[in-house]
Amino acid sequence: MISARLERQQMNLNWRSGIKLTNTIVLALIIPIIIVVIWEFFAVRLDNPALLPKVEAVIDRLAHPFTDLLNTGSYLRHIVISASRVILGFILAMLIGIPLGLLVGRYVLVHRLFSPIIEILRPLCPIAWIPFALVIFKTYTVAEIFGVRYTTSIFGHIQLGMLFVIFYGGFFPVFLNTVHGVKSVKNILIESALLLGADKNQLFRKVIVPSALPAILTGLRIGLGVSWMVIIAAEMLPGSDAGIGYLIMFSYELAEMDILIAGMMLIGAVGAMLSYVVKLIADQTSFWQAKER
Amino acid sequence: MVFLKVDGIRKTFVGEHKEEITAISDLSFHCEEGEFLCIVGPTGCGKTTLLRLIAGLDKPSAGTISIDNRIIEGLNNDATLVFQQYSLFPWRNVINNIGFSLEMKHISRKNRYKEAQYYINLVGLKGFEKAYPYELSGGMQQRVAIARALAYNPKLLLLDEPFGALDERTRHRLQEELLALWQDQKKTVVFVTHNIDEALFLASRILVMRDRPGNIIEAITVNIPRPRDRRSKKFLDLHIGIREILERILTTNRK
Ligand SMILES: Nc1ncnc2c1ncn2[C@@H]1O[C@H](COP(=O)(O)OP(=O)(O)OP(=O)(O)O)[C@@H](O)[C@H]1O
Ligand SMILES: [Mg+2]
C-alpha cells in the first residue's frame, strides 16, 4: 500500500518536473518567436532589403560563416580578429588588475596611493579614450612593435590603441572586484591561518587569494563583457580596418542590412559564450561559496 | 612547573561612542603543564578576550602573559585557538583543512595526508576526508577544527566554547573524545565554557570569572576521579557550589 502510494507520488513528481522543463523551454521561446514573426511580417510588407531584410536572408548569412563578405573577409575572420584583440587586451587587464587589486585590498598604504586616481579615472568611459589613443599610438600594431612589419598574421590587426581601450574597459571591473574580494576575507580565517603557523606570504597565497577567488572571477566575467562591448565600439570608429564591429559599420555604409543583422547576432552570441566560459571556470572554483551556510 | 602565567592583565576597548570599555581588569592566574583548565563565567565577562590575549591575537593594555617564563609578544607560536564560531577554510576539504598547519611547515603531501588521516580517525571522521565544510554538520565541523588545531601540535590548546552550539548527546560524546585526546597527548588545555556541567566533567581546575569588569573570583580544583559520574554526590555538590557563585555575581552586579 505504502509503496504503491510512494510510487504514485514519484510518478507524479517526474510528470511534474517533465512539465516544468517543457514549460521552461516553451516560455523561453515565446518572445523570440513573436519577434521573428513580427520581423518577417514587416520585412515582407516593406519589401526593401536595404531597410529590413527577410529572416531567411539573415539566416542564410549565418549559415555561411566562411564566405567572404564585401571583400573584407568572412564572419569567422572578423570574429577571430575581434576576439584576439579582446583576449590580448583583457589578459593585460588581468595581469595588472588582479595583482594591483590584491595589493590595494590588503595594504592601506597602497590603497591610499591608488584610490584617488582610480576614482577619477573610473567614471571616464573607455570609448572617450579612443581619439586620444589614436593620437598617441597612431595605428601601430602589435606585429610592428615586435618588428614584423609586413605581416598577414592576426597580430597585424591588433592595434595598440585598441588594446589600450580594451584594457581600460576590462581593468576596472577586474580590479574593483578583486579589491572587494580581498576586503571581504573573513577575519576569523586570517587569524586561524596565523595561529596555525602561516607566514605573511602563505597567508596571502593560501587564504586571501582562494577566499577572494569567487569575487575575482565575478570581476573577470563582468570585465570581459565590458571589453567585448568596448571593442565593437572601437572597431566602428575611424582607423579600424577589420573586426566584427568594423564589418557591421561597413555593411551599414553599403546598406547591406542582412550582413549587419547577422553580424549583430554573432556579436551577441560571442559575448554570451565568453561570459559562459568564465562562468564555467567560476562554478568549478567557487562551488564552496554558493553552498556556504 | 608553571607553564602559563597570566600576570595582572587589563584589556580595554574603545566603544562606539569613544567611551572606554574595560573587558578585563587586573586578572592573574597560573597554569601547570598538562593541566586541563576550564574557565566559566557569565556572558560578556571577557572569556573570549582572555583567550585572544593568550593566543597573542590582541595585546593586553597592561600586564604580561608568559609561557615557560618567556613573555609573549605578538602571536603566540606555542598556542592555537579553536574559535567559538566556525572557522574552517570553506574552500578546503576535511583532510586539507586538518593538514593546513603541516602544509605551512612544507611537509610533503604524502606525509601530510598520513598525519592528517591520523587526526581524522581520532575525531571519528573517517570516510569524510574529501567532504567540504558545507557538507558537514555543526558538530562535525567543530571536530575538524579541533583536529586541525591538534595537527599543529601546540603545547597549549585554547578552546572557546567549542561545543556551545551542539545538542547534549553530541556534546557529551565530544567531551569524552576530547578528554581521551588530552590524556593521550599530554597537552595543556584552556577550555572556555559557560556550562558548569561541562567544566566539571572536563577540568582538573575551574576558574570562575565575574563580569564588569572581567576577573577571576574563584579557583576550584576538581578532585573527582575519571571517568567522572555526573550523578555522583561530589559532582552534584560542586555543581551547586559553582552555580551559587555565578548567581551571586549576577545579583551583586545587577543591583
Ligand atoms: N573588539 C571589541 N570592541 C569593543 N568591545 C569589545 C570587543 N571585544 C569584546 N568587547 C567587550 O568586552 C567584553 C567581553 O567580551 P568577550 O567576547 O570576551 O565575552 P565572553 O565572555 O567571551 O562572552 P560570551 O560568553 O558571550 O562569548 C564585552 O563587554 C564586549 O562587549
Ligand atoms: Mg566568547
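The values are calculated or read from the model by the stated rules, or taken from the named source; none is laboratory data. On a predicted model such as this, the values are computed, not experimentally measured, just so you know. Neighbour counts run over all protein chains shown; Cβ positions are idealised from the backbone, glycine included. Ligands, DNA and RNA are excluded from the accessible area calculation, which covers all protein heavy atoms including side chains. Shrake-Rupley method; radii C 1.70, N 1.55, O 1.52, S 1.80 Å.
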Point to revise | Inter-chain shielding of A:265-276 (mean C-beta neighbours from other protein chains, 10 Å cut-off) | key: 0
Review point. How many nm is it between the label spots at A:Leu121 and B:Glu129, if each spot is 7 Å from the Cα in line with the beta carbon?
Key: 4.9
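Please report the carbon-and-sulfur percent of the accessible area for region A:61-292; probe 1.4 Å, protein heavy atoms only, DNA, RNA and ligands left out. It would help to have the intermediate numbers written out before the result.
Working: 8020 of 11460 Å².
Ligands and nucleic acids excluded, carbon and sulfur give 70 percent.
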Review point. Ignoring ligands, DNA and RNA, what accessible area per residue does the protein assembly as shown give at 1.4 Å, in Å²?
Key: 53
Study note, to complete from the structure: Rounded to whole angstrom, the alpha-carbon centroid of region A:162-208 lies from that of region B:130-207 at a distance of 32
Study note, to complete from the structure: One checks the Cα atoms of region A:61-292 and finds Rg and Dmax, in Å, of 20.4, 69
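How high is the relative contact order of region A:61-292, in percent, counting Cα pairs under 8 Å that sit 6 or more residues apart? Don't jump to the answer; show the numbers that get you there.
Values: 292 pairs, mean separation 59.0, N = 232.
Relative contact order, region A:61-292: 25 percent.
Mind ordering B:48-61, A:39-52, A:19-32, B:106-119 by average Cβ neighbours within 10 Å, highest first?
Numbers: B:48-61: 20.4, A:39-52: 13.0, A:19-32: 9.4, B:106-119: 14.9.
Sorting B:48-61, A:39-52, A:19-32, B:106-119 by mean packing, highest first, produces B:48-61, B:106-119, A:39-52, A:19-32.
How much length, in nm to one decimal, is gained on full extension between B:Glu33 and B:Ser108, taken as 0.36 nm per residue of separation minus their Cα-Cα distance? Write out the running numbers ahead of the final one.
Working: separation 75, 0.36 × 75 = 27.00 nm, distance 3.12 nm.
Answer, rounded to one decimal: 23.9 nm.
Please get the size of the charge dipole for chain A, origin at its Cα centre, with Cβ charges of +1 on Lys and Arg and -1 on Asp and Glu, quoted in debye to the nearest 20. The partial results should precede the final answer.
Values: 23 positive and 17 negative charges, 292 e Å.
My answer is approximately 1400 debye.
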Exercise for review: Provide the buried accessible surface between chains B and A in square angstrom, both chains summed, 1.4 Å probe, rounded to the nearest 100.
Suggested key: 2200
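Relative contact order, percent, of region B:82-153 when contacts are C-alpha pairs under 8 Å separated by at least 6 residues? Walk me through the numbers on the way to the answer.
Working: 81 pairs, mean separation 34.9, N = 72.
With pairs under 8 Å counted, the relative contact order is 48 percent.
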**Study point:** Cα-Cα over 19 Å, subset of B:Lys5/B:Lys155; A:Lys183/B:Lys47; A:Lys186/B:Lys110; A:Lys206/B:Lys105; B:Lys5/B:Lys234
**Key:** A:Lys183/B:Lys47; A:Lys186/B:Lys110; B:Lys5/B:Lys234
Check your understanding: Regarding the protein assembly as shown, what are the three Cα extents along the principal axes, ordered largest first, in Å?
Key -> 101, 74, 54
Revision key, fill the gap. Expected vector for region A:21-31, Karplus 3J(HN,Hα) from phi with 6.51, -1.76, 1.60 and θ = phi - 60°, integer Hz, x for Gly and Pro, equals 5, 4, 3, 4, 5, 4, 4, 5, 8, 4, 5
